[in-house]
1. What number of residues within the stretch 143-167 are of a type outside the set (A, V, I, L, M), open to solvent by less than 10 Å² (accessible area, probe 1.4 Å) and either at pLDDT 95 or above or within 16 Å of the chain's Cα centre (by Cα) (or both)?
2. Of all helices (runs of 4 or more DSSP H) completely enclosed by the stretch 283-382, which ones contain at least 3 residues that are of a type in the set (Phe, Trp, Tyr), within 30 Å of Glu116 (Cβ to Cβ) and at pLDDT 85 or above?
3. Can you report the number of residues in the stretch 451-462 which are under 16 Å from the mean Cα position of the chain (by Cα) and open to solvent by 10 Å² or more (accessible area, probe 1.4 Å)?
4. Looking at Thr113, is it at pLDDT 50 or above, in contact with a strand residue (DSSP E or B) (Cβ under 8 Å, 6 or more places away or on another chain) and either closer than 30 Å to Tyr313 by Cα or open to solvent by 60 Å² or more (accessible area, probe 1.4 Å) (or both)?
5. Can you say whether Glu171 is of a type outside the set (S, T, N, Q), over 24 Å from Thr460 (Cα atoms) and within 18 Å of the chain's Cα centre (by Cα), as far as the supplied structure shows?
6. Would you be able to tell me the number of residues in the stretch 477-521 that are touching a His at 6+ places or on another chain (Cβ under 6 Å) and exposed (fewer than 12 other Cβ atoms within 10 Å of the Cβ)?
7. Take the residues in the stretch 311-349 that are of a type in the set (A, V, I, L, M) and open to solvent by 10 Å² or more (accessible area, probe 1.4 Å), then tell me which one is nearest to Tyr182 (Cα to Cα).
8. Of everything in the stretch 270-302, what is open to solvent by 40 Å² or more (accessible area, probe 1.4 Å), within 17 Å of Thr362 (Cβ to Cβ) and among the β-branched types (Val, Ile, Thr)? Give them in sequence order.
Amino acid sequence: MATLIRSKISNVATSVSNKSQAKMSGMFARMGFQAATDEEAVGFAHCDDLDMEHRQGLQMDVLKSEVSVDGGGDPTLEGDFHYQRDGTGPPPSTSKDEGMCSELSSQGKPKITSWEAGWNVTNAIQGMFVLGLPYAILHGGYLGLFLIIFAAVVCCYTGKILIACLYEENEDGDIVRTRDSYVDIANACCAPRFPKLGGRIVNVAQIIELVMTCILYVVVSGNLMYNSFPNLPISQKSWSIIATAVLLPCAFLKNLKAVSKFSLLCTLAHFVINILVIAYCLSRARDWAWDKVKFYIDVKKFPISIGIIVFSYTSQIFLPSLEGNMQNPKEFHSMMNWTHIAACILKGLFALVAYLTWADETKEVITDNLPSTIRAVVNIFLVSKALLSYPLPFFAAVEVLERSLFQEGSRAVFPNCYAGDGRLKSWGLTLRCALVVFTLLMAIYVPHFALLMGLTGSLTGAGLCFLLPSLFHLKLQWRKLLWHHVFFDVAIFVIGSICSFSGFIHSLEGLIEAYRTNAED
């Protein structure tokens, strides 16, 4: 009897304590001391459940306590786990939100060090698209060099605030990761009225950027091969067709395991190529044209340079996934700092040294300026790197398309392109082949590497790197931001919008002009 009375009193006290804790947390949240979160709303709903359990009588509580004591188990009450945030309570429910959080905190996934994460970021922002940076200096002069530094600072900052949007503060004052991807952040900003709108906008921007990256790889392959062997009776368009024929097996990819082993080799080859180009430029240091580096800009073509520079720094798409897989996420900020500082120095030196060597004769792809004896060897390595790099953005674009249009269950726009045994259906394979052919057609009809790069950087690069991170940061972290954070976010959004709009318009005008010139020829 004494055991029953003690259990009854303990149960009532726990219920009242939990109810008071949830109400006090909600009260302070509404007073502005802490942003109200979804977890608090769940806590308020659970308060009503506790009241109902209490009003139904204490007999069921007594019976539960008897079973727990007799069975030798832990007499922890059922209501307690609603307020436990340290993971020591009973197993969480299998709801969608809690299941997602448990996946994020799972320890079974292999983690990467900050150096490995930095290597991935370096691969993204030190890729072969730096070959277009000397062309940006041609139209921007010293201001182009300043923009290389400025873009590095801004992209580093927006990468950090984008990761900050993945976290929220719970009622215990702990910072917890509540989101997993760029799409989750966008959906959270548009909730509750349009819970899926933000994710769809981000998905469209990602698809455009990934497909345009594939197109650029085909364009640069055709361009490099044509300039390496100008005496052969093969046009640039024909070289692009040959490159696409080599790339057609990408349509059969189910995963990137077979491709990933070449990524390190490609990156090392690219660094070797950069060293060879810089070594040749240094050998001609006596002829450097310092007087050709301008303080004024070409108003019509300089916005194109902005898009080229921005596109060379795009890495925000995969930063949430990268940070979530780090062994120590606290090192993310320092990793972003040293990777972008290194990228800024290397890009600035490469662009300046290459432009000083060829000055006004600088071409869209800087390796086209090399002597024919060196050019053929360097360009063949670059083409190999481009062809081996193509499957990465292609597979990512296919995954986004399949997940958005074919694999959303009953809400899918089209039926699933995979059979029950996991095999790709014939019409799904046809769509993948059509995407490869689409990249070829775009490369054939718009074979201008720098203009396409500037257009993509102005359209999606500025949006994903400048506009959306600053907007999301203001929306989700408003109550915690200091005045200088608000100033930085607003300034980045305004400047990014102006640069994006002007770069897009001038890149489009340049493409139209180039197309008309080709038609007249």
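The values are calculated or read from the model by the stated rules, or taken from the named source; none is laboratory data. Bear in mind the structure is a predicted one, so any value in this text is a computation, not a measurement. Virtual Cβ from ideal backbone geometry, glycine too; neighbours counted across all protein chains shown. Ligands, DNA and RNA are excluded from the accessible area calculation, which covers all protein heavy atoms including side chains. Shrake-Rupley method; radii C 1.70, N 1.55, O 1.52, S 1.80 Å.
1. Residues of the stretch 143-167 of a type outside the set (A, V, I, L, M): 144, 146, 150, 155-160, 165, 167.
Now drop any that are not open to solvent by less than 10 Å² (accessible area, probe 1.4 Å), which leaves 144, 155, 158-159, 165.
From the residues that got through so far, the ones that are either at pLDDT 95 or above or within 16 Å of the chain's Cα centre (by Cα) (or both) too are 155, 158-159, 165.
Of the residues in that region, 4 qualify.
2. Qualifying helices (runs of 4 or more DSSP H): 332-358.
3. Within the stretch 451-462, residues that are under 16 Å from the mean Cα position of the chain (by Cα) and open to solvent by 10 Å² or more (accessible area, probe 1.4 Å) number 1.
4. Yes: the conditions hold for Thr113.
5. Values: of a type outside the set (S, T, N, Q): yes; over 24 Å from Thr460 (Cα atoms): yes; within 18 Å of the chain's Cα centre (by Cα): no.
No.
6. 0
7. Top of the filtered list is Ile317.
8. Ile278, Ile297
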